[in-house]
Amino acid sequence: MAGKPKLYYFNGRGKMESIRWLLAAAGVEFEEEFLETREQYEKLLQDGYLLFQQVPLVEIDRMKMVQTRAILSYIAAKYNLYGKDLKERAMIDMYVEGTTDLMGLIIVCPFLSAENKEKQHAVIIQKATNRYFPVYEKILRDQGQSFLVGNQFSWADVHLLEAILMVEEKKSSVLSEFPLLQAFKARISDIPTVKKFLEPGSQRKPVPDDKYTETVKRVLQMNF
Amino acid sequence: MSGKPKLTYFNGRGRMESIRWLLAAAGVEFEEEFLETREQYQKLIKDGVLLFDQVPLVEIDGMKMVQTRAILSYIAAKYNLYGKDLKERALIDMYVEGTADLMGMIITFAFTPPKERNLALIIERATTRYFPVYEKVLKQHGQEFLVGNRFSWADVQLLETILMVEEKEPTVLSKFPVLQAFKARISNIPTIKKFLQPGSQRKPPPDDQYVATVIEVFKKD
């Protein structure tokens, strides 16, 4: 049955958050079903909803889509956030893979021991400031445009903003050497759909807390 | 300068192997430059060729592309191995993400200390999470290829994955008759058959020298 996309995930960020961002940026309303118990997860498995036994799951256009990147690519293409041709798509793909790698370092944090969390924190800041942010700062500088690719708002811009905000939550001054990224952040945050998503009451999820971590571990029976 | 795509990577499989497979399946000739020393790597970084200081790097159509998935998606789209519309592309993306996850476990295997290696987990995931999915997809539509009754990236990557897992456990397809037939059928496609023959640019399983080279090239000062 067509209608609003429906997202199945925990009530927290994890791998689903980038999907929430992209749908919101595209101005697409969506529904959510939150996984809270092991029984719910087992029922989804039994009903054959989870192709590889994993969430995120997004029901969209009569498909039960899994695999975060597949879902994001579909949404980007459907809502014209994927550039105008194959080469722009290639640039967008490269840039989002970079921000995916950076956010991937942060997504695992709640599941690390206290000692490893501290080490990971240092890695995140180091990689953000030495490997990733310089790349996007340079792209913006070299092109002198408002957006990363093709002078047009795309998935790459949404993903970069999401990554910037996530790293800033770890270290609020992390953009201090990146003036163009600061301007980018302000500019993209001001786009009406994005602005709305950044306001309280939206479906954006907060920084993971102990309850979120405990729920994920319980539902997925992660034994560590 | 246009011409053949040029691949920069170690002389071994790693993350570049899926790209070699896809180019070969598409019948596209490519050149390779092998990373052997730390100096080569540092020169690539200094020359600003590696967007995120990482390989694979593929120079193709005037672009210096990095990030394996981005490169694979570009090749698939360019050579018509990405389905006929957005929905077929979505299916192909889902299927290749699954095989990429399984192959990812094997790629890191060579770099995991022997005591921590978990071959049993790889085989379990292959036989209970991944292979049953593709067996079912093929059985349900009864077609030769995974998506849209047409050869695509998804078929290439599934064959690559099957062969990699079989190298670890030769009997792994014993309960998957449809995948056995798929393997035989896809292996027989002329471009693939050629890639599977000795003398092609297909790389052998990682050995100690390969692992040592990678560690040496990437080691921190």
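Structure above, values below:
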{"quantity": "Scan of region A:12-31 for residues that are more than 20 Å from residue A:80 (Cα to Cα), touching a Lys or Arg at 6+ places or on another chain (Cβ under 7 Å) and open to solvent by 10 Å² or more (accessible area, probe 1.4 Å), ordered by number", "calculated": "A:13, A:31"}
{"quantity": "Scan of region A:167-182 for residues that are in a helix (DSSP H, G or I) and open to solvent by 20 Å² or more (accessible area, probe 1.4 Å), ordered by number", "calculated": "A:168, A:169, A:170, A:179, A:180, A:182"}
{"quantity": "Index of the failed condition, residue B:124 passing every other in (1) surrounded by 14 or more Cβ atoms within 10 Å (Cβ to Cβ); (2) of a type in the set (Asp, Glu); (3) assigned to a helix (DSSP H, G or I)", "calculated": "(1)"}
{"quantity": "Test: residue in region A:34-52 that is closer than 25 Å to residue B:86 by Cα, buried (at least 17 other Cβ atoms within 10 Å of the Cβ), within 14 Å of chain B (Cβ to nearest Cβ) and within 15 Å of the chain's Cα centre (by Cα)", "calculated": "no"}
{"quantity": "Residue within region A:111-121 that is among the polar types (S, T, N, Q) and surrounded by 15 or more Cβ atoms within 10 Å (Cβ to Cβ) present", "calculated": "yes"}
{"quantity": "Hey, residue B:105 touching a Leu at 6+ places or on another chain (Cβ under 8 Å), open to solvent by 40 Å² or more (accessible area, probe 1.4 Å) and within 14 Å of chain A (Cβ to nearest Cβ) or not", "calculated": "yes"}
{"quantity": "Count - residues of region B:66-86 that are more than 7 Å from chain A (Cβ to nearest Cβ) and either of a type in the set (S, T, N, Q) or more than 24 Å from residue A:98 (Cα to Cα) (or both)", "calculated": "7"}
{"quantity": "Residue A:103 being under 20 Å from the mean Cα position of the chain (by Cα) and more than 10 Å from every other protein chain (Cβ to nearest Cβ)", "calculated": "yes"}
{"quantity": "Residue within region A:156-166 that is open to solvent by 30 Å² or more (accessible area, probe 1.4 Å) and more than 16 Å from residue B:50 (Cα to Cα) present", "calculated": "no"}
{"quantity": "Residue identified as within 30 Å of residue B:44 (Cβ to Cβ) and not hydrophobic (A, V, I, L, M, F, W, C) among B:128, B:171, B:112", "calculated": "B:112"}
{"quantity": "Helices (runs of 4 or more DSSP H) contained entirely in region B:1-91, each with at least 3 residues that are surrounded by fewer than 20 Cβ atoms within 10 Å (Cβ to Cβ)", "calculated": "B:38-46"}
{"quantity": "Lone qualifier among B:132, B:113 - being more than 8 Å from chain A (Cβ to nearest Cβ) and touching a residue at least 24 places away in the same chain (Cβ under 8 Å)", "calculated": "B:132"}
{"quantity": "Scan of region A:88-99 for residues that are facing chain B (nearest Cβ under 9 Å) and either under 18 Å from residue A:167 (Cα atoms) or open to solvent by 30 Å² or more (accessible area, probe 1.4 Å) (or both), ordered by number", "calculated": "A:89, A:91, A:95, A:96, A:97, A:98"}
{"quantity": "Residues within region B:176-205 that are touching a Phe, Trp or Tyr at 6+ places or on another chain (Cβ under 8 Å) and outside any helix (DSSP H, G or I), tallied", "calculated": "4"}
{"quantity": "Pick from region A:63-87, criterion over 20 Å from residue A:21 (Cβ atoms) and more than 9 Å from every other protein chain (Cβ to nearest Cβ), ranking: surrounded by the fewest Cβ atoms within 10 Å (Cβ to Cβ)", "calculated": "A:85"}
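Condition check ((1) closer than 20 Å to residue A:153 by Cβ; (2) among the small types (Gly, Ala, Ser); (3) assigned to a helix (DSSP H, G or I); (4) open to solvent by 60 Å² or more (accessible area, probe 1.4 Å)) across all residues:
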{"position": "A:184", "(1), (2), (3), (4)": "yes, no, yes, no"}
{"position": "A:187", "(1), (2), (3), (4)": "yes, no, yes, yes"}
{"position": "A:194", "(1), (2), (3), (4)": "yes, no, yes, no"}
{"position": "A:207", "(1), (2), (3), (4)": "no, no, no, yes"}
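Residue-wise test of (1) over 19 Å from the mean Cα position of the chain (by Cα); (2) of a type in the set (Lys, Arg); (3) buried (at least 21 other Cβ atoms within 10 Å of the Cβ); (4) not in a loop (DSSP other than H, G, I, E, B).
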{"position": "B:130", "(1), (2), (3), (4)": "no, no, yes, yes"}
{"position": "B:145", "(1), (2), (3), (4)": "no, no, no, no"}
{"position": "B:163", "(1), (2), (3), (4)": "no, no, no, yes"}
{"position": "B:166", "(1), (2), (3), (4)": "no, no, no, yes"}
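The values are calculated or read from the model by the stated rules, or taken from the named source; none is laboratory data. Everything quoted here is computed from the prediction, not taken from an experiment. Positions of Cβ are backbone-derived with ideal geometry, glycine not excepted, and every protein chain shown enters the neighbour counts. What goes into the accessible areas is simple: the full protein's heavy atoms, side chains included, and nothing from ligands, DNA or RNA. Shrake-Rupley method; radii C 1.70, N 1.55, O 1.52, S 1.80 Å.
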